[in-house]
Amino acid sequence: MATFREIYENIPVRQQVSERVKFIRKIADLTKKSDFTVRQWIAGRQRPDALTQSVIARHLKVEVEELFPEPQSVEG
């Protein structure tokens with residue numbers, strides 16, 4: 001399947017502005033969060049809480065673990 005970011009990035013480029021904005025607004029409305037917050041999730045700068053993850057996953061019909069995979073730890 002695809003991660004949350006991959007789903008967003010798979011929106012065709014020629015429709016990028018309108019379709020991507022619609023996607024962000026739909027997720028923001030669904031989760032009662034701001035567009036800015038949704039953009040932070042897409043960029044990987046923030047992660048939604050577990051309840052929000054489950055709401056998004058249910059809406060997109062994707063498993064939470066696939067949509068929001070755990071960040072890979074870097075061992076040094």
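Listing for the model above:
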read-out	value
Computed [θ] at 222 nm, helices only, for the chain once each DSSP H run of length n ≥ 4 contributes -39500 (n - 2.57)	-17000 deg cm²/dmol
Cα convex hull of the chain - mean projected area over all directions, nm²	5.6
Residues Glu70 and Leu30, FRET efficiency given R0 of 25 Å [Cβ-Cβ distance, rounded to 0.05]	0.65
Radius 12 Å from Cβ of Glu19, net charge of other residues (Lys, Arg +1; Asp, Glu -1)	+4
Trypsin sites (Lys or Arg not before Pro) lying in DSSP loop within the stretch 32-76, provided at most 11 other Cβ fall within 10 Å	Lys32, Arg45, Lys61
Residue among Ala2, Leu60, Pro71 farthest towards the positive dipole end of the chain, charges placed on Cβ	Leu60
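A short reminder: the numbers here are calculations on the coordinates, not readings from a lab. Just so we're clear, the structure is a prediction, and the values are computed from it rather than from any experiment. Backbone-built Cβ (ideal geometry, glycine too); neighbour counts: all protein chains shown.
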